[in-house]
Amino acid sequence: MQNIAIPMVPFDEIKEAIERFVEEANALNQITVSNEEQYGVFEDGRKNWVGNVESFLDRSFSTKGNLIEFQQEGRTMIIPNSPRPSTQQLQSRIQNAKRSLNGKSSYLQYNLHIWQQCDLITGKPVDLLARAKYTMQQKLNFLLERLNVLNSGSSYFPLDMLLEGNGFNHFGETQLSEIGAILEQNGYVEVLSALGITPQARITVSGQMYVEENLSKYKEDYSNIPSDKEEINRLMDYLKEELSKLSAGQEVLFEELEDLRGLYGKLTKKNWGEILKGKMFDMALEKVISKETFMFILSTFTGHELKLLS
């Protein structure tokens with residue numbers, strides 16, 4: 001993984017430290033600064049704070065990833081016998097110093113917000129083999145769910161961090177752009193992209209509604225899949241017969257159903273159901289089957305329907 005920072009200490013320690021650094025930055029900002037002496041005290045405090053943050057990040061992460069913002073700042077060069085700065089120059093330096101402090105504090109909070117939705121950073125147990133088998137539909141749904149949790153109004157969040165930080169293979173910029181475009185075309189996100197910057201997105205009200213009405217409602221609900229292999233075989237035969245009547249019995253679809261028949265009993269209901277849903281979604285996305293066929297097949301085995309990204 002190249003785009004996320006890999007922690008070397010328990011995530012709770014990182015969270016606690018960042019929250020403390022943010023409090024310290026807020027306290028620094030409360031210091032009255034109106035003359036050179038006060039500015040000197042503030043600057044010493046600000047630079048000391050930046051140094052402490054950098055030191056903490058250096059020892060807490062094995063890679064810097066998106067933490068390049070906290071590279072060591074150079075100190076201002078002092079020229080002996082230089083003219084005394086004007087009041088206007090002093091105010092400008094005060095504003096710049098406070099802007100820098102606020103920016104770094106906000107950057108810490110922003111990254112902590114994202115890290116909390118990255119299972120590999122928080123240390124949450126992750127089945128990497130299972131996630132490696134996720135279909136594109138499952139990845140799109142996963143992103144929407146995480147973006148829904150992150151939702152904070154005007155903030156956009158990097159898609160590469162959310163994918164890599166949750167154990168998915170690295171995506172190129174073109175693929176990330178395509179993922180963002182699919183979700184944006186459906187009205188589920190707004191995407192912010194620019195040359196040299198990986199796509200970032202924020203969920204829309206329509207996206208929130210999609211998550212609430214579809215993903216949350218049916219999330220990992222595969223309890224109605226039959227436990228008896230004979231029943232699965234009966235449903236498979238029934239499906240093939242009905243799909244043939246509807247002229248929806250393309251050879252490739254029947255091949256996929258036979259593959260699923262062979263997998264039954266080797267996987268849990270949940271894993272088998274996820275593969276079923278993913279395979280059928282991919283075929284619907286590629287227009288091999290219709291949305292109606294997709295929902296008919298899914299409901300036949302699981303007892304519920306999943307709204308398809310249109």
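A short reminder: the numbers here are calculations on the coordinates, not readings from a lab. For clarity, every value in this text was computed on a predicted model and none was experimentally measured. Neighbour counts run over all protein chains shown; Cβ positions are idealised from the backbone, glycine included.
Would you list Leu143, Leu253, Leu128 from fewest to most Cβ contacts within 10 Å?
Leu128, Leu253, Leu143
Over the stretch 127-215, what per residue volume does the convex hull of the Cα atoms give, in whole Å³?
Residue-normalised Cα hull volume stands at 93 Å³.
Residue by residue through the stretch 173-181, which ³J(HN,Hα) values in whole Hz follow from phi under the Karplus form 6.51 cos²θ - 1.76 cosθ + 1.60 (θ = phi - 60°), with glycine and proline marked x?
4, 5, 5, 4, 5, 5, 4, x, 5
Between Ile6 and residues 5 or more places away or on another chain, which pairs have amide H atoms under 5 Å apart, with H built 1.01 Å from N, and which residues are they?
Amide H to amide H, under 5 Å and 5 or more residues apart or across chains, Ile6 pairs with Ser62, Thr63.
So which of Lys139/Lys270; Lys229/Lys287; Lys124/Lys277; Lys133/Lys229; Lys240/Lys279 end up more than 19 Å apart by C-alpha?
Violating the 19 Å limit, Cα to Cα: Lys229/Lys287; Lys124/Lys277; Lys133/Lys229.
Give me the log10 of I(q) over I(0) for the stretch 229-302 at q = 0.13, 0.17 Å⁻¹, as the Debye formula computes it from C-alpha points; what are the numbers?
For the stretch 229-302 at q = 0.13, 0.17 Å⁻¹, log10 I(q)/I(0) is -0.33, -0.57.
Could you list which residues have their amide H under 5 Å from that of Val189, counting only those 5 or more apart in sequence or on another chain, with H placed in the peptide plane?
For Val189, the qualifying residues are Glu184, Thr204.
Under a straight-distance cross-link criterion of Cα-Cα below 13 Å, which aspartates and glutamates are reachable from Lys47, leaving out those fewer than 8 residues away in the same chain?
Glu24, Glu73
Arranged from highest to lowest average of other beta-carbon atoms within 10 Å per residue, in what order do the peptides 261-268, 199-206 appear?
199-206, 261-268
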